[in-house]
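Taking it in order: structure first as structure tokens, then the write-up.
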Amino acid sequence: MDPPSPGGIDLISAAQACEERFLRQIFVRDQMAEWSREPLIMARADDVCYWDVHGKRYLDALSGIYVVSVGHNNRRVIDAIRAQFDVLHFSPPMHGTNPLAVQLANLLAEIAPGDLSTVKFECGGAEVTEAAIKMARQYHRLAGNPGKYKVISRYLSWHGSTMGSLAASGLKGRKTVNEPLPSGFLHVFPPTCYRCPFGKEYDGGRCGLTCADLIEQVIEMEDPATVAAIMVEPIGHTGGIIDPPEEYLPLLREYCDRHDVLLIFDEVITGIGRTGEMFAAETFDVTPDILCTGKGMSGGFVPISAMICRRPIADTFWGPVAENPGFVEGHTNEGHPIACAAAIAVIQEILERDLLANAREQGARLRSGFEKLSGKYGVIGDIRGRGLFQGIEFVQDPATKQPFPAERAFGVQVGRRALRNGLLCRFDPHWLAFGPPLTSTAEQIDEMLEILDQSMGEVLSSS
Ligand SMILES: Cc1ncc(COP(=O)(O)O)c(C=O)c1O
């Protein structure tokens with residue numbers, strides 16, 4: 001049946017949406033010419049599955065993109081959103097806020113570790129990491145150190161697409177085309193222990209953690225009086241799931257305390273249960289000064305993100321208006337009541353169903369599944385990550401860590417084959433990652449692993 005045609009405008013059908021002439025009207029991926037040859041267009045979803053416009057089913061081992069934390073079509077969240085529409089769907093952010101935003105801020109303060117207790121809402125990951133940078137700079141200004149403005153972050157990191165968050169990010173492929181980017185951003189090497197950039201072996205910390213030590217040296221060489229913040233993802237994503245050695249984040253905490261530098265955790269992916277704790281800050285037992293979260297926070301039902309800062313930092317922004325402008329940052333849709341209703345329902349769902357325990361349990365199952373595949377095929381060099389955020393690095397020879405030739409893009413071949421076989425996961429030329437909903441059952445994790453197994457087998461036997 002043809003869809004309704006409001007005001008005489010022709011609406012296209014789901015099936016027509018795949019035709020190239022209609023795809024000319026939208027930018028989806030970086031290179032549309034390639035993507036539009038086999039476009040992936042999802043029509044509906046339920047629990048841990050998507051169905052595309054052709055009716056094909058995909059197991060969602062990626063929560064969309066680490067977003068659908070409590071599963072697709074989650075009734076608690078949908079009911080909460082529906083109920084909120086009847087009460088208040090928008091409140092005036094220039095002049096005030098709404099009860100749900102206050103309630104959600106208090107809920108986040110309760111579940112966040114340490115004295116992380118004051119919240120600023122944003123709408124997405126880039127907005128929130130950029131806001132954290134602004135908060136660090138303004139905090140130092142208000143605290144009488146206006147010269148502290150530089151931000152140290154890491155190569156291979158991803159903090160978002162806006163100019164400030166992009167400047168902090170460390171992916172040349174996404175940055176170079178947009179340069180020059182704002183100044184004041186310095187980059188250091190991340191702790192990629194499997195391929196240590198300093199040629200060392202971790203071996204229980206005997207390497208001396210050059211990756212961390214160099215960060216303190218950078219602060220000192222730059223002059224601590226100019227450095228505002230260090231921003232890191234506790235577990236890096238875009239570099240291939242960069243799991244830090246246990247000493248790494250505590251060392252960053254120490255350097256920050258020593259040099260009056262704020263520690264910012266970008267937990268846009270790792271936050272809200274993904275690592276098996278509510279925040280990765282707890283997983284690694286390190287409390288940052290500012291914690292950014294987003295993605296899974298509202299389960300993908302309505303976009304929202306949040307920055308949670310420590311009480312002493314928040315207090316700096318209170319004072320007489322003549323001397324203190326407050327935190328100069330804001331967006332039209334911040335603290336949106338519908339998004340707040342969704343986020344409250346998501347967090348309640350996680351707490352009441354103890355989905356943190358489930359993430360740990362299914363995470364252990366996932367890890368052992370990856371280990372079995374490693375033994376079966378001999379092309380997995382390393383398994384990294386925590387809870388339901390784990391990835392594998394593909395190598396030609398695990399003994400020598402020899403990667404597959406770049407032109408073979410083995411990980412991309414496996415990921416594409418998995419898509420064809422009905423599995424959505426994150427893939428890159430040399431690695432592949434899973435981040436399924438926190439609601440995933442043992443049977444669903446097993447089925448995801450089975451499709452990965454089949455896909456790896458098919459790629460290896462065809463080469
Ligand atoms: C760690 C991290 N930070 C920030 C962002 C940016 O989030 P958004 O795409 O919502 O702007 C992302 C997005 O993938 C991310 O993975």
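Numerical summary
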quantity: Flag for Ala357 being small (Gly, Ala, Ser) and either within 20 Å of the chain's Cα centre (by Cα) or surrounded by fewer than 15 Cβ atoms within 10 Å (Cβ to Cβ) (or both); calculated: yes
quantity: Among (1) more than 11 Å from the ligand (Cβ to nearest atom); (2) touching a helix residue (DSSP H, G or I) at 6+ places or on another chain (Cβ under 7 Å); (3) not polar (S, T, N, Q) - the single one His159 does not satisfy; calculated: (1)
quantity: Residue check for Ser153: farther than 22 Å from Thr97 by Cβ, at pLDDT 95 or above and within 9 Å of the ligand (Cβ to nearest atom); calculated: no
quantity: Filter result for Ala212 (surrounded by fewer than 22 Cβ atoms within 10 Å (Cβ to Cβ) and among the aliphatic types (A, V, I, L, M)); calculated: yes
quantity: Those residues of region 276-286 which are within 16 Å of the ligand (Cβ to nearest atom) and open to solvent by 10 Å² or more (accessible area, probe 1.4 Å), in sequence order; calculated: Thr283, Phe284
quantity: Enumeration of residues in region 162-189 that are open to solvent by less than 20 Å² (accessible area, probe 1.4 Å), more than 16 Å from the ligand (Cβ to nearest atom) and either in a helix (DSSP H, G or I) or modelled with pLDDT under 95 (or both); calculated: none
quantity: Residues of region 258-270 that turn out to be more than 14 Å from the ligand (Cβ to nearest atom) and not in a helix (DSSP H, G or I), as a count; calculated: 4
quantity: Index of the failed condition, Cys193 passing every other in (1) surrounded by 14 or more Cβ atoms within 10 Å (Cβ to Cβ); (2) within 16 Å of the ligand (Cβ to nearest atom); calculated: (2)
quantity: Tally, over region 218-257, of residues that are outside any helix (DSSP H, G or I) and either surrounded by fewer than 17 Cβ atoms within 10 Å (Cβ to Cβ) or more than 16 Å from the ligand (Cβ to nearest atom) (or both); calculated: 6
quantity: Condition met for Pro92 (without any contact (Cβ under 8 Å) to a residue 40 or more places away in the chain and within 22 Å of Val227 (Cα to Cα)); calculated: no
quantity: Number of positions in region 367-396 that are farther than 17 Å from Gly240 by Cα, open to solvent by less than 60 Å² (accessible area, probe 1.4 Å) and more than 24 Å from the chain's Cα centre (by Cα); calculated: 3
quantity: Pair list, Cβ under 8 Å, 6 or more apart: region 34-48 residue within 12 Å of Glu19 (Cβ to Cβ), other residue among the β-branched types (Val, Ile, Thr) and buried (at least 16 other Cβ atoms within 10 Å of the Cβ); calculated: Ile41/Val53
quantity: Search result, residues across region 394-411 that are aliphatic (A, V, I, L, M) and not in a helix (DSSP H, G or I); calculated: Val395, Ala399, Ala409
quantity: Within region 40-77, tally of residues that are in a loop (DSSP other than H, G, I, E, B) and open to solvent by less than 20 Å² (accessible area, probe 1.4 Å); calculated: 8
quantity: Selected residue [more than 16 Å from the ligand (Cβ to nearest atom), surrounded by 11 or more Cβ atoms within 10 Å (Cβ to Cβ), more than 25 Å from Val346 (Cβ to Cβ) and small (Gly, Ala, Ser)] from Ser36, Ser91; calculated: Ser36
quantity: Residue match in region 104-115 (condition: touching a Cys at 6+ places or on another chain (Cβ under 7 Å) and more than 16 Å from the ligand (Cβ to nearest atom)); calculated: yes
quantity: Flag for Glu233 being in contact with a strand residue (DSSP E or B) (Cβ under 9 Å, 6 or more places away or on another chain) and over 28 Å from Phe279 (Cβ atoms); calculated: no
quantity: Residue tally, condition assigned to a helix (DSSP H, G or I) and buried (at least 16 other Cβ atoms within 10 Å of the Cβ), over region 94-133; calculated: 16
quantity: Checking Val286 against (1) hydrophobic (A, V, I, L, M, F, W, C); (2) closer than 25 Å to Cys340 by Cα; (3) in a loop (DSSP other than H, G, I, E, B), the condition it does not meet; calculated: (2)
quantity: Matching entry among Asp289, Asp266 (being touching a His at 6+ places or on another chain (Cβ under 7 Å), among the acidic types (Asp, Glu) and crowded, with 23+ Cβ neighbours inside 10 Å); calculated: Asp266
quantity: Matching residues, region 116-135, being more than 10 Å from the ligand (Cβ to nearest atom) and either touching a Pro at 6+ places or on another chain (Cβ under 6 Å) or farther than 17 Å from Gly330 by Cβ (or both); calculated: Leu116, Ser117
quantity: Extreme residue, surrounded by the most Cβ atoms within 10 Å (Cβ to Cβ), among residues of region 412-458 that are among the small types (Gly, Ala, Ser) and part of a helix (DSSP H, G or I); calculated: Ala418
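The values are calculated or read from the model by the stated rules, or taken from the named source; none is laboratory data. A quick note: this is a predicted structure, and the numbers were derived from the prediction, not measured. Quick reminder, even Gly has a Cβ in these numbers, built from the backbone with ideal geometry, and neighbours come from all protein chains shown. Ligands, DNA and RNA are excluded from the accessible area calculation, which covers all protein heavy atoms including side chains. Shrake-Rupley method; radii C 1.70, N 1.55, O 1.52, S 1.80 Å.
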